[in-house]
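The values are calculated or read from the model by the stated rules, or taken from the named source; none is laboratory data. For clarity, every value in this text was computed on a predicted model and none was experimentally measured. Cβ: placed from backbone, ideal geometry, glycine included. Neighbour counts: every protein chain shown.
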Amino acid sequence: MSFDKVIIALDFSNEADALKIVDDLGELVNFYKVGLELFCSSGPSIIKKLKSLDKKVFLDLKLHDIPNTVQKAAKVCLKYDVDLLTIHTIGGKKMLEAVTTLKKETNKTKIIGVTILTSLNEDDLNELGINVSIPQIVKRLSFLAKDCNLDGVVASAQEVKFIKEICGKDFLVITPGIRPHNHSKNDQKRTVTADEAIAMGADFIVVGRAVTSSSTPKKALMSLFAPKDKNVHSAWNQQK
Ligand code: C5P
């Protein structure tokens, strides 16, 4: 059995700790997220190692800068042949198109737009002078991503339904902010449980600390899914 729609976030400062989790989880998990912390410490070396273990890689660098700078950074990232690469939709149309124009250079990497981080809620947006609701802005950014030829977005599972309605069912929605019932939210705000995310139609769920900070990661992963929903999970796993 494997959790093919679960992506584990390897938020570590060194390769050894990251690879230990990969080893602990074994065949249960085939997809790993390399984010800023690990990429800043290991660079492309961790991507090579994960690929040599036959794991899929989500390179979550959330690129955001002027179009020319992001395009050049994305061009380098595409050479790593990762499965997913993130850029911030808030960088705007020109920046998004500067990246998607590179899609002709890759058969593999899907370009995914980050909408509104799951660590933000409406109060945080108001503080930035953005006076719209989370659904309104996530809808708008998802539509922009689709219009600029991105392959999907990162959003909270709470937003999957309307993103799919606007952008179509094949437009990927990847959902972090997953927490077991009664688990601390840490710095996340728009959280749901793994079972809820599945029921809401997420294509992939991203799980970090709930699994990686456990001394028994396999057990922690299994326990994210309530026993009654194990069948739902395997049906969901087999969808794609
Ligand atoms: O530990 P936790 O499960 O909160 O980790 C979530 C992971 O998903 C982190 O690596 C974080 O960078 C990432 N992420 C997120 N919200 C987004 C995009 C990515 O939490 N909108």
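Output the residue which, of all residues in region 70-99 that are β-branched (Val, Ile, Thr) and assigned to a helix (DSSP H, G or I), is nearest to Pro44 (Cα to Cα). Before the answer, list the steps.
In the first step, residues of region 70-99 are kept if they are β-branched (Val, Ile, Thr); the result is 70, 76, 82, 86-87, 89-90, 99.
Narrowing the set further to residues that are assigned to a helix (DSSP H, G or I) leaves 70, 76, 89-90, 99.
Details: Val70: 17, Val76: 10, Thr89: 24, Ile90: 26, Val99: 20 Å.
Among them, the one singled out is Val76.
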Query raised in the report: Identify, please: which residue in region 185-209 is buried (at least 22 other Cβ atoms within 10 Å of the Cβ) and closer than 17 Å to Phe58 by Cα and is, among those, farthest from the chain's Cα centre (by Cα)?
Result: Ala202
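Tell me, yes or no, whether region 9-17 has at least one residue that is of a type in the set (A, V, I, L, M) and surrounded by fewer than 17 Cβ atoms within 10 Å (Cβ to Cβ).
Taking region 9-17 first, the residues of a type in the set (A, V, I, L, M) are 9-10, 16.
Narrowing further to those that are surrounded by fewer than 17 Cβ atoms within 10 Å (Cβ to Cβ): 16.
Yes - at least one qualifying residue is present in region 9-17.
I'd like the residue in region 176-197 that is in contact with a Lys or Arg (Cβ under 8 Å, 6 or more places away or on another chain) and over 19 Å from Val34 (Cα atoms) and, out of all such residues, is modelled with the lowest pLDDT. Working first, answer last.
Residues of region 176-197 that are in contact with a Lys or Arg (Cβ under 8 Å, 6 or more places away or on another chain), as a first pass: 177, 179, 185-186, 188, 191-193.
Pick out the ones that are also over 19 Å from Val34 (Cα atoms) and you get 179, 185-186, 191-193.
On the way: Arg179: 89, Lys185: 81, Asn186: 84, Thr191: 86, Val192: 89, Thr193: 91.
The selected residue is Lys185.
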Query raised in the report: Here are Thr216, Thr212: which of them is crowded, with 21+ Cβ neighbours inside 10 Å and under 21 Å from Ala16 (Cα atoms)?
Result: Thr212
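For region 1-26: of the residues being among the hydrophobic types (A, V, I, L, M, F, W, C) and in a loop (DSSP other than H, G, I, E, B), which is farthest from Val82 (Cα to Cα)? Step through it out loud before you land on a result.
Within region 1-26, the subset among the hydrophobic types (A, V, I, L, M, F, W, C) is 1, 3, 6-10, 12, 16, 18-19, 21-22, 25.
So of that shortlist, the ones also in a loop (DSSP other than H, G, I, E, B) come out as 1, 3, 10, 12.
Values: Met1: 24, Phe3: 19, Leu10: 15, Phe12: 19 Å.
Here the residue is Met1.
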Requested in this report: Go through region 14-33 and give me each residue that's under 13 Å from Thr212 (Cα atoms) and either charged (D, E, K, R) or within 13 Å of the ligand (Cβ to nearest atom) (or both).
Outcome: Asp17, Ala18, Lys20, Ile21, Asp23, Asp24, Tyr32, Lys33
